[in-house]
Amino acid sequence: MMQSVYSWLMWAIQPLLRSKLRRRGLKEPGYLEHIEERFGIYACSFHTASHPEKSSKTCIWLHAVSLGETRAAEVLLEALRSEYPDVRIILTHGTATGRALGATLLKEGDAQVWQPWDTPAIVQKFLQHFQPNLAVVLETEVWPNWVAQCQHAHIPMVLVNARMSEKSMLSAQRLACLSRPAYAGLNGVWAQTPDDAKRLERLGAPVMEVVGNVKFDAQPNSVLLAQALLWSKNFTRPVVLLASSREGEEDLWLDALQALKENPTDGQEHVHAVHWLVVPRHPQRFEEVAQTIVNRGWKLSRRSEWLDGPDPIVEENLDTVWLGDSMGEMSLYFGLADVALLGGSFMSLGGQNLIEATACGCPVIMGPHTFNFAEAAELALDADAAIRVQDMAQAVTSALQLVCSGPDENSYVSACLAFTQKNKGATQRTVQALKPYLRG
């Protein structure tokens, strides 16, 4: 009965979803593209009578809701295609940033659409149109009608690279009448960590194994790292990066910089001892953050205006802040940085993934809030690849100490690379786990 009520509500609020997409599309035009796909209407053909060979190939529905999950999908897809060269992929997303990156992962014969809105009719249309042999959900997204309709169509659905924070588990338990049948209806779950596995089991999920995090297997972009190395040769000061910052954190960061600027502490390196670089998590906030920096009295140098690195004249202006206003270049930013402050961890937001930073040899300073990536954060601390502080002000002073007068920075770089190497292997373990579901 509860499933029926939920399905009716999801059907009833479709006009609200359309309205929300139009509002988000004002800042991110990607949300205005192909809106009807969310409601089961597709312009692209997939299985057609004129292409019977397509229907004979194994087809995987791979869902990566946002940018982080799509980065994990990139690693998993490479391994899957190595094992199964003829596999066809239906890639779905919920966010514009995820879809933009996902578009670069497609091969001939693949398809990319928005995730189906979770009503029985829309999910049925999606499954009938694409006819997947297997549904693979990355990390977190489990929708009740997705599971129910896959069961009805005899399509196995699995959750891989699965994570579940304490906060998310408690939220799911409050709606146990919906969440427990959804998690219990999955054919298998492969978790990142033992703690994730325990929480998922408490929700009724059939956890098969703890395999680790596939993001450790991702290779940083070597071209961007080489570019960073070339540019940094011209720098006269170290670089401190505020990476993947969230709303409110830039103000905390600028407050800390201003306090150091106005009230230098004896023995503490001055705020002008380093270059300050900020990369907001969401591209729709680039202009907002740029305006905030200028309004606070700082000069602004934007990555989108660089031709061959920061302008040397601007670079020497001690009051200049660099803004990373580009997509898909985190390897460049981590390559430029001597240390990174972890966005999302200085407010109660759960933190961002630090694995890409450490893979680039960039040590991390994180705040108290890392519950979304708790085990990776603790492992990084144990490996001396990261430092935890209590607030943004302490993060800024710790960064100055690390790059200007602290221990040998090379030891932190080596620790980062060793930490990444030690935790590799989850991707191959995941591919092996999926073998029973794939034919041919």
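Data for the structure
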| quantity | calculated |
| --- | --- |
| Every pair of residues 6+ apart whose Cβ atoms lie under 6 Å, when the first sits in region 320-339 and is in the same structural domain as VAL364 (by TED's automatic domain parsing) and in contact (Cβ under 8 Å) with a residue 24 or more places away in the chain while the second is of a type in the set (Lys, Arg) and assigned to a helix (DSSP H, G or I) | GLY324/ARG303; ASP325/ARG303 |
| Any hit, region 79-92, residues being of a type in the set (D, E, K, R), buried (at least 23 other Cβ atoms within 10 Å of the Cβ) and closer than 28 Å to ASN353 by Cα | no |
| Contacts under 6 angstrom Cβ, first residue in region 168-180 being in a helix (DSSP H, G or I), partner basic (Lys, Arg), 6 or more apart | MET169/ARG199 |
| Selected residue (criterion: farthest from LEU224 (Cα to Cα)) from residues of region 366-379 that are surrounded by 22 or more Cβ atoms within 10 Å (Cβ to Cβ) and modelled with pLDDT of 95 or more | GLY367 |
| Residue count, region 348-385 (criterion: assigned to a loop (DSSP other than H, G, I, E, B), among the aliphatic types (A, V, I, L, M) and over 18 Å from the mean Cα position of the chain (by Cα)) | 2 |
| Contacts under 8 angstrom Cβ, first residue in region 256-274 being farther than 15 Å from GLN401 by Cα, partner at pLDDT 85 or above and among the charged types (D, E, K, R), 6 or more apart | GLN258/ARG296 |
| Count of region 121-164 residues which are farther than 21 Å from LEU80 by Cα and surrounded by fewer than 18 Cβ atoms within 10 Å (Cβ to Cβ) | 8 |
| Region 149-189, subset touching a strand residue (DSSP E or B) at 6+ places or on another chain (Cβ under 6 Å) and among the small types (Gly, Ala, Ser), residue nearest to ARG71 (Cα to Cα) | ALA162 |
| Inter-residue pairs, beta-carbon under 6 Å, first assigned to a helix (DSSP H, G or I) and in region 413-440, second surrounded by fewer than 16 Cβ atoms within 10 Å (Cβ to Cβ), 6+ apart | VAL431/GLU83 |
| In region 165-182, residue surrounded by the fewest Cβ atoms within 10 Å (Cβ to Cβ) [restricted to those that are among the polar types (S, T, N, Q) and under 22 Å from SER7 (Cβ atoms)] | SER171 |
| The lone exception for GLY204 - which of (1) surrounded by 18 or more Cβ atoms within 10 Å (Cβ to Cβ); (2) on the phi > 0 side of the Ramachandran plot; (3) assigned to a loop (DSSP other than H, G, I, E, B); (4) not acidic (Asp, Glu) it fails | (1) |
| Residue, farthest from the chain's Cα centre (by Cα), within region 183-195, restricted to residues that are within 24 Å of TRP8 (Cα to Cα) and buried (at least 18 other Cβ atoms within 10 Å of the Cβ) | GLY185 |
| Where LYS233 falls short, out of the listed (1) surrounded by 15 or more Cβ atoms within 10 Å (Cβ to Cβ); (2) more than 15 Å from THR140 (Cα to Cα); (3) basic (Lys, Arg) | (1) |
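The values are calculated or read from the model by the stated rules, or taken from the named source; none is laboratory data. Small disclaimer: the values here were computed from a predicted structure and weren't measured. Here the Cβ is made from the backbone with ideal geometry for all residues, glycine too, and neighbour counts use every protein chain on show.
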